[in-house]
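Quick note: the coordinates plus some simple rules give every number you see, no bench work behind them. Just so you know, these numbers come straight off a predicted model, no measurement behind them. Cβ coordinates were reconstructed from backbone atoms using ideal geometry, including for glycine residues, and neighbour counts include every protein chain displayed.
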Amino acid sequence: MYNINLIEYFQHTVWKFGDCVAIIDGDRHLSFNDLNIRAQYIGSLIYNLTGGVSNVVGVFLNKSAEAVISDIGITYSGNAYMNLDVKNPLERLNNILNLIKPGCIITDSKNKGKIIQIYDADKIIDIDEIEWPDALSKTETNYWKNLIDTDIYCVINTSGSTGTPKAVALNHRSFIDFFEQTVPMYGFNENDNIGSLSPIIFDIWSYELTLLMGVGATITVLPDSLASFPIRILQLMEKQSVTYIFWVPTIMVNIANMGLLEKTKLPSLRLVWFAGEVFPTKQFNIWKHSLPHVQFSNYYGPIEITLDCIYYDINTEIPDDKPLPIGRPFRNTGILLLDSDDKLVTNPYTEGEICVKGSSLALGYYNNEEKTAAAFVQNPLNSHYPEIIYRTGDIAYYNEDGLLIFKGRKDTLIKHLGYRIELAEIEHVIINILKIVSNGCVVYNSS
């Protein structure tokens, strides 16, 4: 019998690897048994507070073991987690909360003072105030057992042109589909140790959680504070024997430019994925030549796709002046390259918009039918029955080997440090909220 929700995977992992280390967060080590007890307990608190399932529950925490506990606990409660950025200004957070209307929010004593200014104190769970039980006898929850694969699993916020982020709703099926493909492709197992650097508001974090739940991989939390000291990140990875990382290229470019790979060899590292923005080939080659024992893979996919839809395992030499391909679609994913007349592009070096179909698609934008209808549309090549595709707005072309090469955008959306940013959202803040100028235009300088 196949699994239909992610807690079913986690239950098997706990049964099999209960005493193994699930999370390394600084000097703290949390086993799968302890993680399971705490997640189920907080899941029962969430259910008692919200009184239902298939709601959205916010998480307002720094990246930590508590964030892992909270996200899995929310899934145990039968609800969907939405991780919030503790660095966001109150106005942006308030816009998100007004749109989503979460059933409750999990935070801690460090961040409670901020979120309580814009959210009902009676619906806040302070994780620092919880007295954790030692066993499951009084805390086991069964709400998750009714979850099916099409139920909502999480909500991830991305930039919106009106100043209110678009909230992408993703389901269990899409994560399971991606997980079931990538695990055998790359041999993930309980011996893997994930060097987790991405913020908890990224979809990369959600995949790292899936590996923890699904195969018993360990998550080593690489604190956000180390981003300014990349040598310390590498030293921590070496100390903890990290085997796998999934990063945004910006930090990897900095590491390459600073020559840090000459100082740290990372013998345990076996697999490196990167996504979210273009990785300059010159800096990539420094990584590849410095770590010849590592498999490198370029991944592509916006948040509306779980997790990525196109990939390229880089097993050949690519000259510094040539772009890295984004590659070919995953199994069970359809890629349509459409021109401005919605005709299918098949000829090499002819540009078109990347459009995606398949189980990887998000459910749409939470509480936003208009934007959902604009981006998740009927396949223009199919007039016979309903078939939804997602229009990414990204432009690409096929090279002579049939590999997709990313070219750019058809609009003003940019990617910076892995964050998707609508330039119009910045314009909205400057003109309508801060009122610095009466009119203006934001231009992005990638250098």
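Placing unit charges on C-beta atoms (Lys and Arg positive, Asp and Glu negative, everything else neutral), compute the dipole magnitude of region 6-215 about its Cα centre in debye, rounded to 20.
Roughly 600 debye, rounded to the nearest 20.
Tell me, Arg409, Arg391, Arg28 in order of fewest to most beta-carbon neighbours within 10 Å?
By the 10 Å Cβ count, ascending: Arg28, Arg409, Arg391.
Just want the answer: with Cβ charges of +1 for Lys and Arg and -1 for Asp and Glu, which residue in Cys154, Thr107, Ile96 is farthest toward the dipole's positive end in region 90-192?
Sorting the options by dipole projection puts first Ile96.
By counting other Cβ atoms within 10 Å of each Cβ, how are Glu66, Glu131 ranked from fewest to most?
Listing Glu66, Glu131 from fewest to most nearby Cβ atoms yields Glu131, Glu66.
So which residue, out of Tyr312, Tyr186, Tyr300, gets the largest mean-square fluctuation from a GNM of the chain using Cα contacts under 10 Å as springs?
Tyr186
Find the relative contact order for region 276-406 and round it to a whole percent, using C-alpha pairs within less than 8 Å whose residues are 6+ positions apart.
Value for region 276-406: 23 percent.
What translational diffusion coefficient, to the nearest whole µm²/s, does region 268-327 have by Stokes-Einstein, given a Kirkwood radius computed over alpha-carbon pairs, a temperature of 37 °C and 0.692 mPa s viscosity?
Estimated via Stokes-Einstein, D reaches 273 µm²/s.
Name the residue farthest towards the positive end of the dipole of the chain from the options His172, Gln235, Ala65, assuming +1 on Cβ of Lys and Arg, -1 on Cβ of Asp and Glu, about the Cα centre.
So the residue we want is Gln235.
With both bridge residues required to lie in the chain, what share of the DSSP beta bridges run antiparallel, to the nearest 5%?
Details: 44 of 70 bridges.
The antiparallel proportion sits near 65 percent.
Counting only other residues whose beta carbon sits under 10 Å from that of Thr333, what net charge do I get with K and R as +1, D and E as -1?
Here the count lands on +1.
Semi-axes of the equivalent ellipsoid for region 75-216, please: Cα gyration tensor eigenvalues, times 5, square-rooted, ordered largest first, whole Å.
The answer is 27, 21, 16 Å, longest axis first.
Taking the Cα centre as origin and putting +1 on Lys and Arg beta-carbons and -1 on Asp and Glu beta-carbons, what dipole magnitude results for region 221-316, to the nearest 20 debye?
Details: 7 positive and 7 negative charges, 88 e Å.
For this selection, approximately 420 debye.
Can you check what the Kirkwood hydrodynamic radius comes to for region 1-150, Cα pairs only, in Å to one decimal?
15.8 Å
What ranking, highest mean first, results for peptides 366-376, 93-103 when packing means the other Cβ atoms within 10 Å averaged over each residue?
Output ranking for 366-376, 93-103: 93-103, 366-376.
Using just the alpha carbons, could you tell me how many Å³ per residue the convex hull of region 235-369 encloses?
Expressed per residue, the convex hull around the Cα atoms of region 235-369 is 154 Å³.
With an 8 Å Cα cut-off and a minimum separation of 6 or more residues, compute the relative contact order for the chain in percent.
The value is 13 percent.
What is the magnitude of the charge dipole of the chain about its Cα centre, with +1 placed on the Cβ of each Lys and Arg, -1 on the Cβ of each Asp and Glu, and no other charges, expressed in debye to the nearest 20?
On the way: 35 positive and 51 negative charges, 101 e Å.
Magnitude of the dipole: close to 480 debye.
Rg over Rh of the chain, using C-alpha atoms and the Kirkwood radius, what does it come to? Please list the in-between numbers first.
On the way: Rg = 21.6 Å, Rh = 22.7 Å.
Ratio of gyration radius to Kirkwood radius: 0.95.
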